[in-house]
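S.K.: Have a look at the structure that comes next, please.
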Amino acid sequence: MRYMTDARSENELSILGFGCMRFPRDKAKTEQLITAAVEAGINYFDTGYIYAGSEVTLGEILHKNDLRNKIFLATKLPHQRCKSYDDFERIFQEQLERLKTDFIDYYLIHNLSNLITWDYLCDLGIEEWLKEKKQKGQINQIGFSFHGTKDEFMKLIDIYDWDMCQIQYNYMDENYQAGRVGLQKAHEKGLSVMIMEPLLGGKLVNGLPKKAIKLFNDANPDYSPATWALRWLWNQPEVTVVLSGMNSMEQLVDNIKTATNSKPDMLSENELAAYEPVISVFRNSYKVACTGCNYCMPCPQAVNIPGCFAAYNTSYSLGFVAGFTQYLTSTGANRKIQYRPSNCVNCGQCEKKCPQYIEIPKILLSVKKRMEPFWFKPLLSIVQKFLG
């Protein structure tokens, strides 16, 4: 495993970090993955208060296997749930209990995306609270995760003496949100930069169009789609840690191999040139920039928003039949309660929560139009009758 030095703390961080938002449902499998990751040299683990069950699961596994002092632990403060100074402390103490620890190595304000939110938190006393936590040794490094515009990122990066930040970044999102410009700005200020969504919620692997896969194979058949995506990131010296939500041993082994053989400025001109046509094919195939993070869920009208968007995208990237089959499954074709776009009443709750700023109700209309042609209802009746 290769390591990067965190300039602020001098911590030696593995360039491959373990993203803990999407653990496998099987706890034994999760434990196996985490212990194997630590044994392989991965020492940065990233979770969050609102990741359902993640902090508790991670805390139990680290405690059971005596791994806490072998890793750097990162978690996040859900600022949306903070209405007073006391909320900071209440949530933090709950996190310590969940994670079975008495300190956090890297503590991030979750999804801090604009100056207005930061000013609101300052009015509640966030700066004083963070200072106190640092002085007591309960928090070592302070940062924020970001889903907003480039301009807002540039403002936020200068408004406080941050130690690190976490941004969404991959070869499809080079100029999206903070983007490459934000990455370079943070690096110039001496901040460690952690990368989330390196595979765009898995779409740069499992959802990569066949034509795009062929383009990569023509350039180098020895690299998997995940390898191409990760090497693009590790080619950039400003990247400190790349977070990957690995939920199988195969993914873990493949990513570790890629990390071990990666270094800044390693890509040849021919390899760099291979990304451009792949990006073009991907953009033509994907219509919705949904990463499947589920922040928009649950929908009060029971619409399976991520499922609808995934099927819609699949209908373009892998063909209508594949997308339609996925749509039937994700919207509950064999159930009395449907999870279809037609349930949407345009309440807007989902849109406020979306870190990608997708116009969800509007896009759901497009999904319904494509995925439910004139013959949809008769076919649905047949499917329901067949499946009972």
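The values are calculated or read from the model by the stated rules, or taken from the named source; none is laboratory data. Remember, it's a predicted structure, so these values are computed and weren't measured experimentally. Backbone-built Cβ (ideal geometry, glycine too); neighbour counts: all protein chains shown.
S.K.: Collect the residues in the stretch 135-153 that are modelled with pLDDT of 95 or more and exposed (fewer than 15 other Cβ atoms within 10 Å of the Cβ), keeping them in residue-number order.
M.R.: Across the stretch 135-153, the qualifying residues are Gln135, Lys136, Gly137.
S.K.: With respect to the numbered conditions (1) over 26 Å from Tyr106 (Cα atoms); (2) not in a helix (DSSP H, G or I), which one is the sole condition not fulfilled by Phe216?
M.R.: Single failed check for Phe216: (2).
S.K.: Here are some conditions: (1) touching a strand residue (DSSP E or B) at 6+ places or on another chain (Cβ under 6 Å); (2) within 19 Å of Ile116 (Cα to Cα). Ile195 meets all but one. Which one does it not meet?
M.R.: (2)
S.K.: Assess whether Ala274 counts as being crowded, with 18+ Cβ neighbours inside 10 Å and over 28 Å from Thr57 (Cα atoms).
M.R.: On the way: crowded, with 18+ Cβ neighbours inside 10 Å: yes; over 28 Å from Thr57 (Cα atoms): yes.
So Ala274 fits the description; yes.
S.K.: Out of Asn294, Asn346, Asn334, report the one residue that is modelled with pLDDT of 90 or more and part of a loop (DSSP other than H, G, I, E, B). Steps first, answer last, please.
M.R.: On the way: Asn294 fails: modelled with pLDDT of 90 or more; Asn334 fails: modelled with pLDDT of 90 or more.
On inspection, the qualifying residue turns out to be Asn346.
S.K.: To continue, here is another question. Could you list, in sequence order, all residues of the stretch 171-217 that are in contact with a Ser or Thr (Cβ under 9 Å, 6 or more places away or on another chain), over 23 Å from Gly292 (Cα atoms) and hydrophobic (A, V, I, L, M, F, W, C)?
M.R.: Within the stretch 171-217, Ala186, Leu191, Phe216 qualify.
S.K.: Looking at the stretch 256-279, is at least one residue closer than 26 Å to Gln356 by Cβ, of a type in the set (Gly, Ala, Ser), within 23 Å of the chain's Cα centre (by Cα) and modelled with pLDDT of 85 or more?
M.R.: No - not one qualifying residue is present in the stretch 256-279.
S.K.: Restricting the first residue to the stretch 142-165 and requiring it to be assigned by TED's automatic domain parsing to the domain that holds Glu10 and more than 27 Å from Phe103 (Cβ to Cβ), which pairs with a second residue that is hydrophobic (A, V, I, L, M, F, W, C) and surrounded by 19 or more Cβ atoms within 10 Å (Cβ to Cβ) meet a Cβ separation below 6 Å and a spacing of at least six or different chains?
M.R.: So the pair list comes out as Phe153/Phe146; Phe153/Ala178.
S.K.: Out of the residues in the stretch 240-271 meeting the condition of being touching a Phe, Trp or Tyr at 6+ places or on another chain (Cβ under 8 Å) and aliphatic (A, V, I, L, M), tell me which one is farthest from Gly182 (Cα to Cα).
M.R.: Met246
S.K.: So, one more: Considering only residues that are crowded, with 20+ Cβ neighbours inside 10 Å, farther than 13 Å from Val205 by Cβ and not hydroxyl-bearing (Ser, Thr, Tyr), which ones fall in the stretch 239-250?
M.R.: Matches in the stretch 239-250: Val239, Val241, Val242, Leu243.
S.K.: A follow-up question, please. Test each condition in (1) surrounded by 15 or more Cβ atoms within 10 Å (Cβ to Cβ); (2) in contact with a helix residue (DSSP H, G or I) (Cβ under 8 Å, 6 or more places away or on another chain); (3) in contact (Cβ under 8 Å) with a residue 60 or more places away in the chain for Lys263 and report the one that comes out false.
M.R.: With respect to (1) surrounded by 15 or more Cβ atoms within 10 Å (Cβ to Cβ); (2) in contact with a helix residue (DSSP H, G or I) (Cβ under 8 Å, 6 or more places away or on another chain); (3) in contact (Cβ under 8 Å) with a residue 60 or more places away in the chain, Lys263 is out only on (1).
S.K.: While we're looking at this one, here's another question. When the residues of the stretch 349-388 are narrowed to those that are in a helix (DSSP H, G or I) and among the aromatic types (Phe, Trp, Tyr), which ends up modelled with the lowest pLDDT?
M.R.: As a first pass, look at the stretch 349-388 and keep what is in a helix (DSSP H, G or I): 349-353, 360-371, 376-387.
With among the aromatic types (Phe, Trp, Tyr) added as a condition, the list becomes 376, 386.
Details: Phe376: 85, Phe386: 62.
Residue satisfying both the conditions and the ranking: Phe386.
S.K.: How many of the residues in the stretch 265-284 are over 15 Å from Tyr223 (Cα atoms) and either part of a loop (DSSP other than H, G, I, E, B) or touching a Cys at 6+ places or on another chain (Cβ under 9 Å) (or both)?
M.R.: So the count comes out to 1.
S.K.: From the residues in the stretch 21-37 that are at pLDDT 95 or above and touching a Phe, Trp or Tyr at 6+ places or on another chain (Cβ under 6 Å), which one is surrounded by the most Cβ atoms within 10 Å (Cβ to Cβ)?
M.R.: Per the stated criteria, the residue is Ala37.
S.K.: Pick from the stretch 54-95 the residues that are under 21 Å from Leu13 (Cβ atoms), of a type in the set (Val, Ile, Thr) and in contact with a strand residue (DSSP E or B) (Cβ under 8 Å, 6 or more places away or on another chain): which of them is surrounded by the most Cβ atoms within 10 Å (Cβ to Cβ)?
M.R.: That would be Thr75.
S.K.: Does the stretch 24-35 include one or more residues that are among the basic types (Lys, Arg) and assigned to a loop (DSSP other than H, G, I, E, B)? So that I can check it myself, show each step before the final result.
M.R.: In the first step, residues of the stretch 24-35 are kept if they are among the basic types (Lys, Arg); the result is 25, 27, 29.
Pick out the ones that are also assigned to a loop (DSSP other than H, G, I, E, B) and you get 25.
Looking for residues that are among the basic types (Lys, Arg) and assigned to a loop (DSSP other than H, G, I, E, B), one finds at least one in the stretch 24-35, hence yes.
S.K.: Let me ask something else about it. Considering only the stretch 87-141, how many residues are of a type in the set (A, V, I, L, M, F, W, C), closer than 12 Å to Leu73 by Cα and assigned to a strand (DSSP E or B)? Outline the logic, then answer.
M.R.: Going through the stretch 87-141, the residues of a type in the set (A, V, I, L, M, F, W, C) turn out to be 88, 91-92, 96, 99, 103-104, 108-109, 112, 115-116, 118, 121-122, 124, 126, 129-130, 139.
Applying the additional criterion that residues be closer than 12 Å to Leu73 by Cα yields 96, 99, 103-104, 108, 139.
From what's left, assigned to a strand (DSSP E or B): 104, 108, 139.
Selection size over the stretch 87-141: 3.
S.K.: Applying the selection to the stretch 142-195, what residues are part of a loop (DSSP other than H, G, I, E, B) and over 15 Å from the mean Cα position of the chain (by Cα)?
M.R.: Looking only at the stretch 142-195, we keep the residues that are part of a loop (DSSP other than H, G, I, E, B), and these are 147-149, 160-163, 169-178, 189-191.
Scanning the stretch 142-195 gives Thr149, Tyr160, Asp161, Trp162, Asp163, Glu174, Asn175, Lys189, Gly190, Leu191.
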